[in-house]
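Some notes on the structure that comes next.
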Amino acid sequence: MSATFLNVNDASLHLTHLDQDGAASMVDVSEKTITRREARASATINTRPEVIALIEQALIKKGDVLATARIAGIMAAKKTSELIPLCHPLMLSKVSVDFQLNAAKGQIKLQSRCILSGQTGVEMEALTAVTVAALTIYDMCKAVDKAMIISDIHLIEKTGGKSGHYMLEDY
């Protein structure tokens with residue numbers, strides 16, 4: 001995977017969460033058009049193959065790891081504006097969190113998807129969902145593997161709004 005980096009000397013770029021005096025400011029989206037907006041994000045957890053087997057066989061003592069992580073991710077997406085300063089509270093239409101387990105690699109791939117019709121994007125909600133879902137898996141499995149590594153949290157794709165479509169290259 002590779003990402004395209006912006007030229008910081010580009011005059012069209014500016015920080016939207018700062019006012020003319022440099023103070024933190026919530027962006028005014030009241031004049032923006034309501035459009036369908038969607039974002040997908042991903043994360044990876046590296047653990048031992050035995051941990052994946054315990055998850056797949058529902059043998060983790062704290063309960064159903066994936067069901068709990070899915071609910072935690074969905075709840076987190078709904079609470080993003082309470083967690084991330086200056087994020088707008090959004091009326092989400094859809095949030096999903098899915099998992100791919102690879103016992104041979106000792107790896108769990110997580111992916112979230114958030115959708116709404118609104119005046120601002122859902123990237124932060126998708127990233128929050130996948131991050132909290134990964135943290136929940138860690139919490140539920142730490143008794144059997146404290147060395148789990150959560151990594152590669154990133155936006156995969158976003159659609160809608162003035163900036164249009166973005167997709168991570170090579171994904």
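The values are calculated or read from the model by the stated rules, or taken from the named source; none is laboratory data. From a predicted model like this one, the values you see are computed outputs, not experimental measurements. Every residue, glycine as well, gets a Cβ built from its backbone with ideal geometry; the counts of neighbours run over all protein chains shown. To get the accessible areas, we keep the full protein, side chains included, count just its heavy atoms, and leave off ligands, DNA and RNA. Shrake-Rupley method; radii C 1.70, N 1.55, O 1.52, S 1.80 Å.
Considering region 68-121, and only residues there that are of a type in the set (Val, Ile, Thr), over 15 Å from Ile153 (Cβ atoms) and part of a helix (DSSP H, G or I), the residue that is most open to solvent (accessible area, probe 1.4 Å) turns out to be Ile71. The number of residues in region 35-59 that are assigned to a helix (DSSP H, G or I) and β-branched (Val, Ile, Thr) comes to 3.
Quick check, is Lys158 of a type outside the set (S, T, N, Q), open to solvent by 40 Å² or more (accessible area, probe 1.4 Å), out of contact with any His (no Cβ under 6 Å at 6 or more places or on another chain) and modelled with pLDDT of 95 or more?
Details: of a type outside the set (S, T, N, Q): yes; open to solvent by 40 Å² or more (accessible area, probe 1.4 Å): no; out of contact with any His (no Cβ under 6 Å at 6 or more places or on another chain): yes; modelled with pLDDT of 95 or more: yes.
Answer is no for this residue.
When Glu125 is tested against (1) surrounded by fewer than 23 Cβ atoms within 10 Å (Cβ to Cβ); (2) part of a helix (DSSP H, G or I), just one condition goes unmet, and that condition is (1).
Checking Val132, Val144 one by one, the residue that is modelled with pLDDT of 95 or more and within 26 Å of Leu86 (Cβ to Cβ) is Val132 and no other.
Considering Thr44, Thr80, Thr136, Thr68, the condition of being under 25 Å from Gly164 (Cα atoms) and in contact (Cβ under 8 Å) with a residue 24 or more places away in the chain is satisfied by Thr80 alone. Tell me yes or no: at least one residue of region 139-154 is open to solvent by 20 Å² or more (accessible area, probe 1.4 Å), more than 24 Å from Ala67 (Cβ to Cβ), in contact with a helix residue (DSSP H, G or I) (Cβ under 9 Å, 6 or more places away or on another chain) and not polar (S, T, N, Q). Yes, the conditions are met somewhere in region 139-154. Per the listing Lys109, Lys162, the residue uniquely touching a residue at least 24 places away in the same chain (Cβ under 8 Å) and closer than 22 Å to Leu86 by Cβ is Lys162. Note on region 85-144: among residues that are more than 13 Å from the chain's Cα centre (by Cα) and among the hydroxyl-bearing types (Ser, Thr, Tyr), the one that is nearest to Ile34 (Cα to Cα) is Ser117.
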